[in-house]
Protein chains: 2
Amino acid sequence: MASSDGAPAPAKARLRDVAQEAGVSLSTASKALNDKAEVSPTTRARVREAAERLGFVPNALVHSILAGRSGTVGLITNDLEGRFSLPILRGAEDAFGAGQMSVFLCNGREDAIREQYHLRALLSRRVDGIIVVGSRTNPRPSIARRVSVPVVYAYAPSHDDADVSVVVDNVRAGEIAAEHLVATGRTRIAHITGDATYTAATDRAAGARAALADAGLDFVGPVRYGSWSEAWGRGATAAVLDAPQPVDAILCGSDQIARGALDVLHERAVRVPHDIAVASFDNWEPMIAGTRPSLTSVDMQFDAIGRRAAHLLFAALDGKATPGVERVTPRLVVRGSTVPQA
Amino acid sequence: MASSDGAPAPAKARLRDVAQEAGVSLSTASKALNDKAEVSPTTRARVREAAERLGFVPNALVHSILAGRSGTVGLITNDLEGRFSLPILRGAEDAFGAGQMSVFLCNGREDAIREQYHLRALLSRRVDGIIVVGSRTNPRPSIARRVSVPVVYAYAPSHDDADVSVVVDNVRAGEIAAEHLVATGRTRIAHITGDATYTAATDRAAGARAALADAGLDFVGPVRYGSWSEAWGRGATAAVLDAPQPVDAILCGSDQIARGALDVLHERAVRVPHDIAVASFDNWEPMIAGTRPSLTSVDMQFDAIGRRAAHLLFAALDGKATPGVERVTPRLVVRGSTVPQA
DNA sequence: CTGTTAGCGCATTCAC
DNA sequence: GTGAATGCGCTAACAG
């Protein structure tokens, strides 16, 4: 098992054993370990020591039954790679306070049956609440009508307005990106983005367009919807460059699309950002890290989503549910693809 | 909360409530729901129906206490992005059988204190076992000497030979990659890889060198250790091309390094794979997806590691622990960077 | 200050 | 067939 030395058999010690070892009664031992009531310091010390010696770890299962709260939450994800889930989990862990709340992570894999299966297991384990993380930003079906614990939807909102959801404000993301391009003097901006069936694509485009309108501008050419791939970034960028109207900036729907764009610009000896600036969305570190120049990108603040989801779950536990969709504001990270760097 | 319709208050139903609703005693209800002993079909049906109506979900906490096994395992990860953890979790979920076993995922964040904290929480929740996922392949300290449940180390092995570990066979990975290059007719192979303090770098290099030796070959030039970045891939590739000895293949320590290499080769109008073949390690989909040509890479089989870890944990639960390090064989994925594609 | 008792929700003996 | 009784590990009221 765990130890190589012939350590004392790691049989789980019970409070009873501790009490016996310390020569006190069950309840005294309990009080001593829980800093309860009046227990003489000597006794307390003796109990503590006994517990230490026996490697006593209180049984949280029992405590959960007694308290009616388990101190656990379920996180149901549908995101295979963990691209969103892990950062969100991190944020949630932070908000919960490490060790206070433990998280059951289960992967629904986009399969409703599987999700139901996991849901049942979570309820059976008496989680205090559930966070559902979607795989895309589109609204998703509510998890179940009769769930006995609060549910918070993260990243992908629930279809049902009565549910509690936290999402990235993609419209705002679009605005932020466009405002930045305008602020750095760009006026002829093309937009290449992903699949139009993703609200992430349409929302960002709408936000950007609105921000441009505020500056008396509009996109040059149509919004070029395609796929979230580098290949599409390359293809669409070539089309943009070959179009009659010149551009001085390309806003890309994702870092991967932007990589494709940079590739083609480099190939055609277009200087970035001097001739054409490039900005994108996601700020996905591994994608960003290697680009030349480094990529200005709008960060989606997954950690913040996780933290807010945890907070909203807490609030719901206290009966203070806040139905509706909360939007987290993304954050622009400026790098060399829009502003020349030292 | 969860439901928008005025669904019946989702107060958790207890077995007692079901029994009452069905007009039977507690134990009869229990037997009926657990397909136990002799209960008249009519009674059983009546109980079932009552349970359904009340949305009864058995309390697994109680069952865990009674059975002495909780049906949960802890997964302690140190991998911030979930790059390894999530695929490993997936594999483990598969091996456990969805819903049978629930997984507590906690993030140690490379912080021993934090890890201990989580460990304590897991033990308190009476997990049946623990899987520890490292952030790099280097051996890591054993989690604790006196842990009362089996522990399996995944990805990064434990320092302690008495522990149970499952890792990728990086030496084999190196061999596989080199064998492939040799099999496709390459004889002058350079190797660019990451930080030499990572065993992943040194093991792969050693494996590749051994395979080359079997073919009467050796690397052209020194193994170029650096960092796991595209920038290093670019820099080192330039150095390789500028060196006096010509090469016909570059083996890269990671997909990111390979991206950097492809970049420079493309820039210098070197044809891949015609003039120089490129192969790498990790087979990380998002990194691979956009390259031109697509990248031949050795897949690290994280799912398999997760599955094996789960199996080993099961075995240990049955008292059949298998101390030592088990190595999972990686798998070559051939693409256009080594073999011209249709 | 310390010990005794009841009971959390359920499965599992046993009697009836 | 069915139901009342014991107990899992622990804490919260009570007594002493």
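The values are calculated or read from the model by the stated rules, or taken from the named source; none is laboratory data. For clarity, every value in this text was computed on a predicted model and none was experimentally measured. No Cβ is skipped: glycine too gets one built from the backbone with ideal geometry, and neighbour counts run over all protein chains shown.
Key figures for this structure:
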| read-out | value |
| --- | --- |
| Count of region A:84-110 residues which are under 21 Å from residue B:94 (Cα atoms) and in contact with an Asp or Glu (Cβ under 8 Å, 6 or more places away or on another chain) | 6 |
| Residue tally, condition within 16 Å of DNA strand C (Cβ to nearest atom) and of a type in the set (A, V, I, L, M), over region A:57-107 | 6 |
| Given (1) under 19 Å from residue B:55 (Cα atoms); (2) at the interface with another protein chain (Cβ under 7 Å from one of its Cβ atoms); (3) in contact (Cβ under 8 Å) with a residue 24 or more places away in the chain, index of the condition residue A:105 fails | (1) |
| Scan of region B:118-145 for residues that are over 27 Å from residue B:63 (Cβ atoms) and either in contact with a Ser or Thr (Cβ under 6 Å, 6 or more places away or on another chain) or assigned to a helix (DSSP H, G or I) (or both), ordered by number | B:133, B:137, B:138, B:142, B:145 |
| Yes/no for residue A:124 being more than 29 Å from residue A:299 (Cβ to Cβ) and without any contact (Cβ under 8 Å) to a residue 12 or more places away in the chain | yes |
| Qualifying residue in region B:79-90 (condition: of a type in the set (A, V, I, L, M), touching a Pro at 6+ places or on another chain (Cβ under 9 Å) and at pLDDT 90 or above) | no |
| When residues of region B:54-81 are limited to those that are β-branched (Val, Ile, Thr) and closer than 10 Å to residue A:125 by Cα, the one nearest to the chain's Cα centre (by Cα) | B:72 |
| So residue A:80, is it assigned to a loop (DSSP other than H, G, I, E, B) and within 13 Å of chain B (Cβ to nearest Cβ) | yes |
| Test for residue A:199: is it surrounded by fewer than 20 Cβ atoms within 10 Å (Cβ to Cβ), modelled with pLDDT of 95 or more, assigned by the TED database to the domain that holds residue A:274 and in contact with a Pro (Cβ under 8 Å, 6 or more places away or on another chain) | yes |
| Any pair with Cβ under 8 angstrom, 6 or more apart, that starts in region B:53-66 at a residue that is in a helix (DSSP H, G or I) and ends at one that is near DNA strand C (Cβ under 6 Å from one of its atoms) | B:61/A:65; B:62/A:65; B:65/A:65 |
| Every residue from region B:4-52 that is part of a loop (DSSP other than H, G, I, E, B), away from DNA strand D (no atom under 13 Å from the Cβ) and either at pLDDT 90 or above or in contact with a Leu (Cβ under 6 Å, 6 or more places away or on another chain) (or both) | B:13 |
| Within region A:21-33, tally of residues that are more than 44 Å from the chain's Cα centre (by Cα) and more than 11 Å from DNA strand C (Cβ to nearest atom) | 1 |
| Test: residue A:70 is of a type in the set (Gly, Ala, Ser), within 10 Å of chain B (Cβ to nearest Cβ) and assigned to a loop (DSSP other than H, G, I, E, B) | yes |
| Tally, over region B:260-282, of residues that are crowded, with 24+ Cβ neighbours inside 10 Å and facing chain A (nearest Cβ under 10 Å) | 1 |
| Those residues of region A:308-339 which are part of a loop (DSSP other than H, G, I, E, B) and among the small types (Gly, Ala, Ser), in sequence order | A:319, A:321, A:336, A:337 |
| Qualifying residue in region A:254-272 (condition: part of a helix (DSSP H, G or I), under 29 Å from residue A:94 (Cβ atoms), in contact (Cβ under 8 Å) with a residue 12 or more places away in the chain and touching a helix residue (DSSP H, G or I) at 6+ places or on another chain (Cβ under 9 Å)) | yes |
| Conditions (1) within 9 Å of another protein chain (Cβ to nearest Cβ); (2) part of a helix (DSSP H, G or I); (3) crowded, with 19+ Cβ neighbours inside 10 Å; number of the one not met by residue A:114 | (3) |
| Criterion (in a strand (DSSP E or B) and within 14 Å of chain A (Cβ to nearest Cβ)) met by exactly one of B:152, B:166 | B:152 |
| Residue count, region B:10-41 (criterion: within 14 Å of chain A (Cβ to nearest Cβ) and either more than 15 Å from residue B:56 (Cβ to Cβ) or surrounded by 15 or more Cβ atoms within 10 Å (Cβ to Cβ) (or both)) | 7 |
| Residue in region A:83-102 that is farthest from the other protein chains (Cβ to nearest Cβ), counting only those that are over 20 Å from residue A:148 (Cβ atoms) and of a type in the set (Gly, Ala, Ser) | A:95 |
| Out of B:55, B:71, B:91, sole residue that is of a type outside the set (Asp, Glu), within 30 Å of residue B:158 (Cβ to Cβ) and either within 14 Å of DNA strand D (Cβ to nearest atom) or surrounded by fewer than 20 Cβ atoms within 10 Å (Cβ to Cβ) (or both) | B:71 |
| Matching entry among A:216, A:235 (being in a helix (DSSP H, G or I) and out of contact with any helix residue (DSSP H, G or I) (no Cβ under 7 Å at 6 or more places or on another chain)) | A:235 |
| Criterion violated by residue A:285 - all others in (1) modelled with pLDDT of 95 or more; (2) surrounded by fewer than 16 Cβ atoms within 10 Å (Cβ to Cβ) satisfied | (1) |
| Among (1) within 30 Å of residue B:69 (Cβ to Cβ); (2) in contact with a Ser or Thr (Cβ under 9 Å, 6 or more places away or on another chain); (3) without any contact (Cβ under 8 Å) to a residue 40 or more places away in the chain, the one test that residue B:304 misses | (3) |
